[in-house]
Amino acid sequence: MIRINTSLGIASVVLALLVASDSAFAQKTPGYNNKIPPQIMTPDSVETRIGTLEFFDGMPSKKTVETVYDNLDLLRGVEVFLNCVPPASLEAMRRGNIELGATKSNRVAIFETLMDSNSLFLTANTDTVYAMTFLDLKTDGPTVVEIPPGCGPGTVNDAWFRFVIDMGAPGPDKGKGGKYLILPPDFKEEVPKGYFVGRSTSYANWLILRGFLVDGKPDTATKMFKDGLKIYPLKVAKNPPAMVFENTSGNSVNTVHANTFAFYEELNAVIQREPIEMIDPETRGLLASIGIQKGKPFEPNARMKKILTEAAAIGNATARAIWLKPRDKSAYLYENSGWYKVFLGGSYQWLKDGGKGGRYQDARTLFFYAATVNTPAMAAKMVGKGSQYAFNATDRNGEYLDGRKNYKLNIPADVPAKDFWSVVVYDPQTRCELQTSQPFPSRNNKRDDLIVNSNGSVDLYFGPKPPKGKERNWVQTTPGKGWFVLLRLYGPLEPWFDKTWRPGEFEVIE
């Protein structure tokens, strides 16, 4: 609104109107009656990393429409890959367990003589006796798991690799053994008494148990599982089926998810099998945007399959960068060190800053791309209980570990591990145990007769050939291949958490 002082003469009023009119006209945006804020306008041409985007008065050209939709589908395909590594990984694990003979909950795959490098399991250890199977709560309904006394860490994870309940040492039975009842997502009846109860969001659930070595041998743990582990549907508790233990040590089997278009097919299998309520509407919408929706076939056309194939490649590359080169400085355990955390943020639910930062998606991707088993016992500070882990894929100078070079790693004295410590070597391609002439690419202070230095520390050696006289402390590597390690501390003690004890760095030696 223009206000004119009417006390002025006529000539002055006319002049003021002309000036005001010129000022208003000068502020107009061409094609508009007023000045339009430039930040809400779209230029006729914009240069971007996906190409030149062209518009007619803000309306995208045909080519631009095609370009941005291709990009949108690609972005969503990448997001699905990064956010859905957990369910795809669990599905690959389920299929691998079936191949091992764990076709029903009472059929358990047990690694009687430990897991060697023949089996493709994401960063599995060579240090404990694994006993694992899958629960089918849709077929069996509520399922009982009887855990024997003396069982090490055990866990049940749902089909999205979410925590259901711990068992054994870190569980409510506290290593004394007990009966657990795993309830399906649609269970609405009264819960019977006398059980430690876990409620799952899915029908498929992975049960993974670990038994400790005694005198460096697996015999005691194997016997413990065979004599004391019982799994059966609650409905047949009075006449449970006999347990079947399949010795799978030395077997060649794959339990690792795909990094190709097949990744989305693995994920679709999970969505079709499990209840829709297992995931929230936001996640369901993301999956549906690339064609994965419960009750509908996943049949992408040639265009979409090509885009998703590229999305899987980009997602795979992104996951590998997040895992091997985390950009979050808090991931690193020590300053100027290659050792970094497996669980960033210390939350098994992947909550950042106690939830104030929402879901820490990169931390979740880092863990599940390289590892399995989701439990608070791996993330929380539990002095003398549970376990702690550290990755390392680089030498002191920040260079990737190279299979043709020779390295030394010093493990200082008084390692803060009540139960045991170990260093296991893995293949960066598969994220599984490195395959060489050594079936167990690792060193363990309880299993191996290690050479101990006069100050109590231990020097470990890595390379194609052992240093003379150091064979007992040597792990073989392969020229032409990279490698990385996991340091494990079972029963971690306070010096690990307060960082008054720390492992050495990998030193290149001649």
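What is the number of the single condition among (1) under 30 Å from Asn445 (Cβ atoms); (2) under 26 Å from the mean Cα position of the chain (by Cα); (3) crowded, with 19+ Cβ neighbours inside 10 Å that Pro148 does not meet?
So the condition that Pro148 fails would be (2).
Please find, within segment 167-186, the residue that is farthest from the chain's Cα centre (by Cα) out of those that are assigned to a strand (DSSP E or B), touching a residue at least 40 places away in the same chain (Cβ under 8 Å) and surrounded by fewer than 22 Cβ atoms within 10 Å (Cβ to Cβ).
Within segment 167-186, the first condition is being assigned to a strand (DSSP E or B), and the residues that meet it are 167, 178-183.
Cutting the leftovers down to touching a residue at least 40 places away in the same chain (Cβ under 8 Å) gives us 167, 181-183.
Then keep just the ones that are surrounded by fewer than 22 Cβ atoms within 10 Å (Cβ to Cβ); that gives 181, 183.
Numbers: Leu181: 26, Leu183: 25 Å.
Checked segment 167-186; the qualifying residue farthest from the chain's Cα centre (by Cα) is Leu181.
In segment 168-195, what residues are touching a Lys or Arg at 6+ places or on another chain (Cβ under 6 Å) and within 14 Å of Gly386 (Cβ to Cβ)? Write out each step before concluding.
Of segment 168-195, the ones touching a Lys or Arg at 6+ places or on another chain (Cβ under 6 Å) are 170, 183, 195.
The answer is Pro170, and nothing else.
For segment 292-303, does any single residue satisfy the condition of being assigned to a loop (DSSP other than H, G, I, E, B), within 23 Å of the chain's Cα centre (by Cα), within 25 Å of Phe187 (Cβ to Cβ) and not hydrophobic (A, V, I, L, M, F, W, C)?
no
Of all residues in segment 299-354 being among the polar types (S, T, N, Q) and crowded, with 18+ Cβ neighbours inside 10 Å, which is nearest to Leu401 (Cα to Cα)? Step through it out loud before you land on a result.
Here is the first cut: in segment 299-354, the ones among the polar types (S, T, N, Q) are 301, 309, 316, 318, 330, 336-337, 347, 349.
After this cut, where a residue has to be crowded, with 18+ Cβ neighbours inside 10 Å as well, the list is 316, 347.
Working: Asn316: 20, Ser347: 29 Å.
Checking each candidate, the answer is Asn316.
Just to verify a result, which residue in segment 367-394, among those that are surrounded by fewer than 21 Cβ atoms within 10 Å (Cβ to Cβ) and among the polar types (S, T, N, Q), is farthest from Arg210 (Cα to Cα)?
Per the stated criteria, the residue is Thr394.
Before we move on, is Thr372 part of a loop (DSSP other than H, G, I, E, B), touching a residue at least 60 places away in the same chain (Cβ under 8 Å) and under 26 Å from Thr255 (Cα atoms)?
Numbers: part of a loop (DSSP other than H, G, I, E, B): yes; touching a residue at least 60 places away in the same chain (Cβ under 8 Å): yes; under 26 Å from Thr255 (Cα atoms): yes.
So Thr372 passes the test.
Looking only at strands (runs of 3 or more DSSP E) that fall completely inside segment 426-490, which ones have 3 or more residues that are in the same structural domain as Tyr389 (by TED's automatic domain parsing) and of a type outside the set (Val, Ile, Thr)? Walk me through how you get there before you give the answer.
Working: elements: 442-444, 458-463, 474-476.
Correct list: 442-444, 458-463.
Only one of these is polar (S, T, N, Q), touching a Leu at 6+ places or on another chain (Cβ under 9 Å) and either surrounded by 14 or more Cβ atoms within 10 Å (Cβ to Cβ) or at positive phi (or both): Gln476, Gln438. Name it. Please lay out each step first, then the result.
Details: Gln438 fails: touching a Leu at 6+ places or on another chain (Cβ under 9 Å).
Just a single option satisfies the conditions, and that option is Gln476.
Cβ-Cβ under 6 Å, sequence separation 6+ or interchain: first residue in segment 231-244 and touching a residue at least 12 places away in the same chain (Cβ under 8 Å), partner assigned to a helix (DSSP H, G or I). Which pairs?
Pro233/Asp140
Among Val197, Val256, Val270, which is the only one that is among the β-branched types (Val, Ile, Thr), in a helix (DSSP H, G or I), surrounded by 14 or more Cβ atoms within 10 Å (Cβ to Cβ) and in contact (Cβ under 8 Å) with a residue 12 or more places away in the chain? Before the answer, list the steps.
Details: Val197 fails: in a helix (DSSP H, G or I); Val256 fails: in a helix (DSSP H, G or I).
Only one candidate qualifies: Val270.
So is Asp419 assigned by TED's automatic domain parsing to the domain that holds Phe343, modelled with pLDDT under 95 and in a strand (DSSP E or B) or not?
Values: assigned by TED's automatic domain parsing to the domain that holds Phe343: yes; modelled with pLDDT under 95: yes; in a strand (DSSP E or B): yes.
Considered against the rule, which asks whether it is assigned by TED's automatic domain parsing to the domain that holds Phe343, modelled with pLDDT under 95 and in a strand (DSSP E or B), Asp419 comes out as yes.
Among residues belonging to segment 244-300 that are touching a Ser or Thr at 6+ places or on another chain (Cβ under 9 Å) and of a type in the set (A, V, I, L, M, F, W, C), point out the one that is farthest from Ala159 (Cα to Cα).
Here the answer is Phe245.
Can you name every residue in segment 69-88 that is surrounded by fewer than 22 Cβ atoms within 10 Å (Cβ to Cβ) and either in contact with a strand residue (DSSP E or B) (Cβ under 7 Å, 6 or more places away or on another chain) or not hydrophobic (A, V, I, L, M, F, W, C) (or both)?
Correct list: Tyr69, Asp70, Asn71, Asp73, Arg76, Glu79, Asn83.
Say we look at segment 126-145 and pick out the residues that are in contact with a Lys or Arg (Cβ under 9 Å, 6 or more places away or on another chain) and β-branched (Val, Ile, Thr); which of these is surrounded by the fewest Cβ atoms within 10 Å (Cβ to Cβ)?
So the first thing to find is which residues in segment 126-145 are in contact with a Lys or Arg (Cβ under 9 Å, 6 or more places away or on another chain), and the list is 126-131, 133-134, 136, 138-142, 144-145.
Applying the additional criterion that residues be β-branched (Val, Ile, Thr) yields 126, 128-129, 133, 139, 144-145.
Details: Thr126: 22, Thr128: 26, Val129: 26, Thr133: 30, Thr139: 12, Val144: 21, Val145: 25.
Here the residue is Thr139.
Considering Glu54, Glu91, which residue is farther than 30 Å from Gly152 by Cβ, touching a helix residue (DSSP H, G or I) at 6+ places or on another chain (Cβ under 8 Å) and not assigned by TED's automatic domain parsing to the domain that holds Pro241?
Glu54
Does segment 362-369 contain at least one residue that is among the small types (Gly, Ala, Ser) and either out of contact with any Gly (no Cβ under 7 Å at 6 or more places or on another chain) or outside any helix (DSSP H, G or I) (or both)? Steps first, answer last, please.
Here is the first cut: in segment 362-369, the ones among the small types (Gly, Ala, Ser) are 363.
Now drop any that are not either out of contact with any Gly (no Cβ under 7 Å at 6 or more places or on another chain) or outside any helix (DSSP H, G or I) (or both), which leaves none.
Looking for residues that are among the small types (Gly, Ala, Ser) and either out of contact with any Gly (no Cβ under 7 Å at 6 or more places or on another chain) or outside any helix (DSSP H, G or I) (or both), one finds none in segment 362-369, hence no.
Anything in segment 101-120 that is crowded, with 22+ Cβ neighbours inside 10 Å and either in the same structural domain as Phe420 (by TED's automatic domain parsing) or not in a strand (DSSP E or B) (or both)? List them, or say none. Give the derivation first.
Of segment 101-120, the ones crowded, with 22+ Cβ neighbours inside 10 Å are 102, 105, 108-111, 114-115, 117, 119.
Passing the criteria: Ala102, Ser105, Phe111, Leu114, Met115, Ser117, Ser119.
When you go through Thr126, Thr133 one by one, which is the residue that is in a strand (DSSP E or B) and of a type outside the set (Gly, Ala, Ser)? Break it down stepwise before answering.
Working: Thr126 fails: in a strand (DSSP E or B).
Just a single option satisfies the conditions, and that option is Thr133.
Which residues, counting only those in segment 48-93, are β-branched (Val, Ile, Thr) and part of a helix (DSSP H, G or I)?
Of the residues in segment 48-93, the ones β-branched (Val, Ile, Thr) are 48, 50, 52, 64-65, 67-68, 78, 80, 85.
Scanning segment 48-93 gives Thr64, Val65, Thr67, Val68, Val78, Val80, Val85.
The values are calculated or read from the model by the stated rules, or taken from the named source; none is laboratory data. Predicted, not measured: the structure shown is a model, and the values here were computed from it. For neighbour counting, all protein chains shown are included, and Cβ atoms are generated from backbone atoms with ideal geometry for every residue, glycine included.
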